[in-house]
Structures are given as structure tokens and as C-alpha cells.
Amino acid sequence: MVFDRLQSLLISSVVFPLQERLKGHSTVADRRGMEQSQWWPRDRLEALRVERLRALLGHAATHVPYYRDLFRSLGFDPRSVSAVTDLQQLPFLDKPLIRANTDALKADDARGLARFNTGGSSGVPLIFYIGNERVSRDVAAKWRATRWWGVDIGDPEIVLWGSPIELGAQDRVRRLRDGLMRTRLLPAFEMSDARVDGFIRDMRAVRPRMLFGYPSAFAHIATRARHTGVRLDDIGVRTVFVTSERLYDHQRTLIEAVFGAPVANGYGGRDAGFIAHQCPQGSMHLTAEDIIVEIVDRDGRVLPDGQSGEIVVTHLATRDYPFIRYRTGDIGTLATAACSCGRGLPVLQDIQGRSTDFIVAQDGTVMHGLALIYILRDLPGVEAFRIEQLTTDHTKVAVVCGPAYPADGDERVRQGFRARLGRTVDITVDHVDTIPAEGSGKFRYVVSRVAA
């Protein structure tokens, strides 16, 4: 136990800081600053946000072609900004606008931008870029949140993930680095009984202090562990950190019971950043030093705290590729009261976030819905989509196609889906004009009628 703690301390205080310094990231200093500012009174925190907002908008006016032209057309002067409510003078940013201005949103002084491609919560493919400042701040925000739960960098961790951005990067150098940091990355695409049994064996062998990944995946593992009679509440997990999907109450109850550890919810995405994290008192705290959240109604009017509407995000660490008044498509509510934990960070009271179903192949293999999503997401010309699995023998796909959609696109979809679901599965591809939202305003891009 003493050696284990010394190993974690060495990684968190020496190895990880050295890695971040070599990458040109300010993560360590950012996390230390955030651990101070989280206790600031609301007025001091608000002053910091206004200062950072003014700097972001000023930089955009000088260095980002899209905003330089927009501000000029509106007669908007960033120097006049004195409150976050001044953002309401600006129009929203959404996925179609980003897709239409992908290059014009890059700052002309940006260096070392990383390209990302994500379907977002609505299934609309999106290409955008992230710079070192945002990477540093987002990692620092997550790091601060895990420390709320007694988990630090260097503590043994298992990450259950489905994104090919991470899984495709598992080369020798990446595996070596993850091993050094005591992080084990497991693929969440396939959740067959045999694969899940392997995950359970890995968890018992690694004895992680933290699990990180999709709530639906951990709920599936918990169900399998119960079914097979394998205990997971004795391996030393301190928290199960879940993100990327909506966390349902029944999932939280099941996961906490099987793993014997609290579930900590996180809300955000690659596009909008790490928006909020749950503290041990149960509140979803905004990363207020970096994130300004507005809640708007269907007509784009900003709503007061306590009223539900669409979550609009301004990320203050995106000078290289600004996200200013970005419409997430998710529905949420800002709380009217502070958290009992004493942090001055505002609270996101309610989130109707991402919801990705599992799908079931002909042979009974259970897979994460992302296994199909990425086939469509990376196909040129796909502007939006919705996947509906009717039976294990029939899956329907509604696709909104743009000019770049290839002539053999439908066949590529069928082949990709059959490779996952089974050779004889009937894949119906329908071309539609729009993908309607559900009553909540949320777009569900995978719906399975088959019990997983």
C-alpha cells in the first residue's frame, strides 16, 4: 500500500508534469489555479470570467477571420464588454456554421492545432480544431474533478471507451505512456459476454481506483458481474466517473451497488469541452473559469436560472479556434441555489444529455451504438442521420445527404453495418430531408428496439 501511494505521488508530481511540459501544456499550473478559484466568492469568479471573455473576443476580432468580419458587420467592439450578458449581442454558433466556415474560424496566429471529427449529440458530422490552451484547461478541469473524489493522476485507472480517436492511437508509444501513468484503455464497441467477462477479469487484476467511461457500458458490466456472481465491490474502486451519455437513475443505482463506489457524472463533449462535473455533494458544477453557459428557449431568448432550455456554451480557452455561443442541442437548467459543498462554481441542475443505445448483432453480440455511428460519421456528405434497429435482422438508417455524399454511399453503409451486425441483416437506407427532434428537443441518433 505504501509503495502504491509513492508510485502515484511520483507520477502526479514528477512524471505527468514533465510530460505536460514537453507537450507545451500548462495543465499543472491550470489545475492548481482552478483549485484556488473554485472557492472564490461568486463576484470574484465573475470578474475573472468577464476579463477572460473580453480577452477572447478581442483576440477573435484581430486574429479570427470569421469573427473579424462578423464583429465589423455588427459594429461590435469587444473592448466594451463589461458583463457576460454582453454575449447576447452576438449570434449563435452552430454545427452548420462551423461546417461552412471551418477554415475561417482558425486564428491566423494559431500553432499546433489538432483536427477533430465528431458526430456530436445530434449525429451531425463536425470537423473542428483544438489548440494547446484548450487541451490544457480541459485536462486540468477533469483532474480537479477527480481529486474531489480522492483520485489523482497516477492512481490506477481503467478507461472504457469507444472512440477511434483514442483506440486508433494505441501504438507502442501510447501504450508505454498509458502503462507509465497506470491507465488501462479498454474498447467499449463490443460487449459480448466473453468480452465483458474479460473486462471483469481485467478490473480484478488491475484493481483500479477509478473507472472512466460510458454509464451504459458500466451498467452492462455490472449486470454481467451480478449474473455470473463475480464481486467487484472489493477491488478498491473509489469512484466510477461517467460521461458522454445521459446517466439514468437506474444505471447509477446498479453501478454503485455492484462496484461499491459512488458514480460521479461528467457533462461535456469534444466540441463544447468539459462543461460540468459532479462533486461528492451531488451538484454538477460548471467549469466556470472556462465555461459560460446560457440557457435559451426555442426562439433563442436567454432564460433565467431555474428554467429549462437549450444549453449554449462559450469556451474561454478557445482562442485558437473559438467556440462562442455554441448551441449544443442538449437541454438543461441552471440552478438557482449554490451547492452545500461551498464551491462558488455555478451548478447545472438538470441535463437531458446524450443517450446512446446498445445494439445487438444477429449472433447475440451486444455492441455500443457508437460501432455504427462512426461508420456514418466518417462518410463524406452525411449531414445528419438516425439509426433504428427494429429487430436483429432489420435495421433502418435515415440519412440527410449533402453534395459530397458518394455514389456508393448507401452500399458502404450496408457493408459497414453488416460487418458489425451480421452478413444477412437487412439494412434499409432512406434519404430524408430532415431528422426531426424528439419532444424534449433532443436528437436520438441510435434507437434499438431489441433488448440488450
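Using the Stokes-Einstein relation with a Kirkwood hydrodynamic radius computed over Cα pairs, the translational diffusion coefficient of the range 4-66 at 25 °C and a viscosity of 0.890 mPa s comes to 169 µm²/s. Expressed as a whole percentage, what fraction of the accessible surface of the range 374-420 belongs to carbon and sulfur atoms when a 1.4 Å probe is rolled over the protein heavy atoms? Using a 1.4 Å probe with all protein chains present, the range 374-420 comes out at 48 percent carbon and sulfur. Rolling a 1.4 Å probe over the protein heavy atoms of the range 219-267, with every protein chain left in place, gives an accessible area that is 45 percent carbon and sulfur.
Taking a probe of 1.4 Å, how large is the accessible area per residue of the chain, in Å²?
Details: 19250 Å² over 452 residues.
For the chain, the per-residue accessible area is 43 Å².
For the range 329-421, the list of trypsin sites (Lys or Arg not before Pro) that fall in a loop by DSSP and count at most 12 other C-beta atoms within 10 angstrom is empty. Principal axis extents of the Cα atoms in the chain, from largest to smallest and rounded to whole angstrom, are 62, 62, 43.
Entry note, the chain: the mean residue ellipticity at 222 nm calculated from DSSP H runs of n ≥ 4, each adding -39500 (n - 2.57), is -10500 deg cm²/dmol after division by the residues and rounding to the nearest 500. Straight-line cross-link partners of Lys142 among the aspartates and glutamates, defined as a Cα under 16 Å from its Cα and at least 8 positions apart when in the same chain: Glu20, Asp30, Glu35, Glu133, Asp152, Asp155, Glu157, Asp271, Glu289, Asp290. Counting only protein heavy atoms and using a 1.4 Å probe, the accessible area of Glu157 comes to about 30 Å².
With all protein chains in place and a 1.4 Å probe, the accessible surface of the range 34-74 carries 52 percent carbon and sulfur.
The values are calculated or read from the model by the stated rules, or taken from the named source; none is laboratory data. Just so it is clear, the structure is predicted and the values come from calculations on it, not from any experiment. Methodologically, a virtual Cβ is constructed for each residue, glycine included, from the backbone with ideal geometry; neighbour enumeration extends over all protein chains shown. Surface areas here come from the heavy atoms of the whole protein model, side chains and all, with no ligands, DNA or RNA. Shrake-Rupley method; radii C 1.70, N 1.55, O 1.52, S 1.80 Å.
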